[in-house]
1. Would you calculate a helix-derived [θ] at 222 nm for the protein assembly as shown, using -39,500 (n - 2.57) for each DSSP H run of n ≥ 4 and dividing by the full residue count, to the nearest 500?
2. Which part of segment B:22-36 falls in the paramagnetic zone of A:PHE42, meaning amide N under 19 Å from the point 7 Å along Cα-to-beta-carbon?
3. Specify the inter-centroid distance of segment B:15-46 and segment A:39-111, based on alpha-carbon positions, in whole Å.
4. Measure nothing fancy, just the Cα-based angle from helix B:35-62's long axis to the longest principal axis of chain B, in degrees from 0 to 90, nearest 10.
5. What order do you get for A:TYR83, B:TYR3 when you list them from fewest to most C-beta neighbours inside 10 Å?
6. Keeping to pairs on different chains or 8 or more places apart, tell me how many lysine pairs in the protein assembly as shown have Cα atoms under 13 Å apart.
7. For B:HIS12, B:HIS6, which order do you get if you count the other beta carbons within 10 Å of each Cβ and list the fewest first?
8. Can you give the FRET efficiency to the nearest 0.05 for B:SER60 and A:ALA21, using r as the Cβ-Cβ distance and R₀ = 30 Å?
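Throughout, read-outs are computed from the coordinates displayed, never taken from laboratory work. Note that the coordinates shown come from a computational prediction; the quantities given were computed from them, not determined experimentally. Glycine also receives a Cβ, built like all others from the backbone with ideal geometry; neighbour counts cover every protein chain displayed.
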Amino acid sequence: MKHMNHDYLDPINSLHVPELADTTFAMDFLIRAKEGVRNLAFALTETASPDARAVLRNQLRQAIAMHQEITELMLRKKWFHPYELQEQYQLDMLSANNTVLIGQMNLFPDDTSRIGMFDRTPDDANHGGALT
Amino acid sequence: MAYALHETLEVHEIAAFKALCLTKSKTMRALVSDPELKQLMAMDAEISTRQIQELSAILSKASH
């Protein structure tokens, strides 16, 4: 994906997309795992009740284990290069450039607005449309 | 047992985050092609479900 191709049905655009998508999903997964560890550690330091602490501590341990699993998987697949900064830099630049190209695409040229079908807030069904 | 308000809020925030993670792991798994990543996401969905149940047990005790 060196430059923009305006024909989205061109099969050339599908080249390596599954691999590219997998690295993106794995990165999202890793970020969520990381965030989970941090959130739980923070919550644990703010909690005094023994049973709540037990639950949080247990979940923190599970979160750390999951983070390790994802990191090891990404290392094994060479999706992530913590030791080779140059390689990681190239990977990051590639994904940054691809993301910018996707951002510039006019993927949904027609009006896809569903206003009129979703003109009510979800709570309206419970309150008969009146805000309380 | 009653919890301090800030503890309840803390647990509430974790539960909201976990719910988002579970939704993502569950929906994104359909788009993943790598079998190992798929399996790990399935495992995460399973663990997250259990964790959300634990958190909501705390929250329901706190609301009494």
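1. -23500 deg cm²/dmol
2. B:22
3. Using only Cα atoms to place each centre, the spacing works out to 13 Å.
4. 10
5. A:TYR83, B:TYR3
6. So the count of such lysine pairs works out to 4.
7. B:HIS6, B:HIS12
8. In this case the efficiency is close to 0.20.
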